[in-house]
Amino acid sequence: MKQRSWSAFSLIELTLSMGIAAFCLIAVFGLVPVGVQMNRNATSQTAATNILSSVVSDIRASPPGQGPSAKYHINRTKLSAATLYFDGQGQATTLRGANSRYRLYVQIANNPFGPVYPNYAWLKVTWPAAVDPLSTTITPSGSVETVAAVFNK
């Protein structure tokens, strides 16, 4: 009669493999909060960029010399500054409220080379809305800014 030989993992091999698997899982679970924070930052930056795009489009769509823009009421033909607050859905208001998530600062400057050249609009969106974008003491969680040319004719 032939003897059977049984092959199996020993207790030491199982313990080592479970230890290695646990170490890998702890490393992966440690990266989850970092991934969530990166996703939150990317979402906020995308929303802020969409706000900038919408405001620049509104300023450029308003006829020069005809008063403020239609949607955000920003005057584009004279030296002016405006601050708007936006909630998570992109709704704008001039007053900061409990739902305000983003703060937009717009400054339009006349071009020093004359009326033939475009004016410039400097726009900066910061979040959270409670932090002043022009403050040097408190740094916002994030910000996006751009400069746009606004033609007068």
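Taking the condition open to solvent by less than 60 Å² (accessible area, probe 1.4 Å), of a type in the set (A, V, I, L, M) and within 20 Å of the chain's Cα centre (by Cα), does ALA130 pass?
Details: open to solvent by less than 60 Å² (accessible area, probe 1.4 Å): no; of a type in the set (A, V, I, L, M): yes; within 20 Å of the chain's Cα centre (by Cα): yes.
For ALA130, the condition - open to solvent by less than 60 Å² (accessible area, probe 1.4 Å), of a type in the set (A, V, I, L, M) and within 20 Å of the chain's Cα centre (by Cα) - is not met.
Regarding TYR102, is this residue of a type outside the set (Asp, Glu), surrounded by 11 or more Cβ atoms within 10 Å (Cβ to Cβ) and either closer than 12 Å to VAL150 by Cβ or free of Cβ contacts under 8 Å to residues at least 40 places away in the same chain (or both)?
Considered against the rule, which asks whether it is of a type outside the set (Asp, Glu), surrounded by 11 or more Cβ atoms within 10 Å (Cβ to Cβ) and either closer than 12 Å to VAL150 by Cβ or free of Cβ contacts under 8 Å to residues at least 40 places away in the same chain (or both), TYR102 comes out as no.
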Q: Could you grab me the full set of residues in region 111-126 that are among the hydrophobic types (A, V, I, L, M, F, W, C) and assigned to a loop (DSSP other than H, G, I, E, B)?
A: PHE113, VAL116
Q: Name the residue, out of GLY90, GLY65, that is small (Gly, Ala, Ser), on the phi > 0 side of the Ramachandran plot and open to solvent by 50 Å² or more (accessible area, probe 1.4 Å).
A: GLY65
Q: May I ask you to list the residues in region 88-110 that are modelled with pLDDT under 90, assigned to a loop (DSSP other than H, G, I, E, B) and closer than 18 Å to SER53 by Cβ?
A: GLY88, GLN89, GLY90, GLN91
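The values are calculated or read from the model by the stated rules, or taken from the named source; none is laboratory data. The structure presented is a predicted model; accordingly, all values stated were derived computationally and were not measured. Note that each Cβ is placed from the backbone with ideal geometry, even for glycine, and that neighbours are counted across all protein chains shown. Remember, those area values only see protein heavy atoms, side chains included, never the ligands or the DNA or RNA. Shrake-Rupley method; radii C 1.70, N 1.55, O 1.52, S 1.80 Å.
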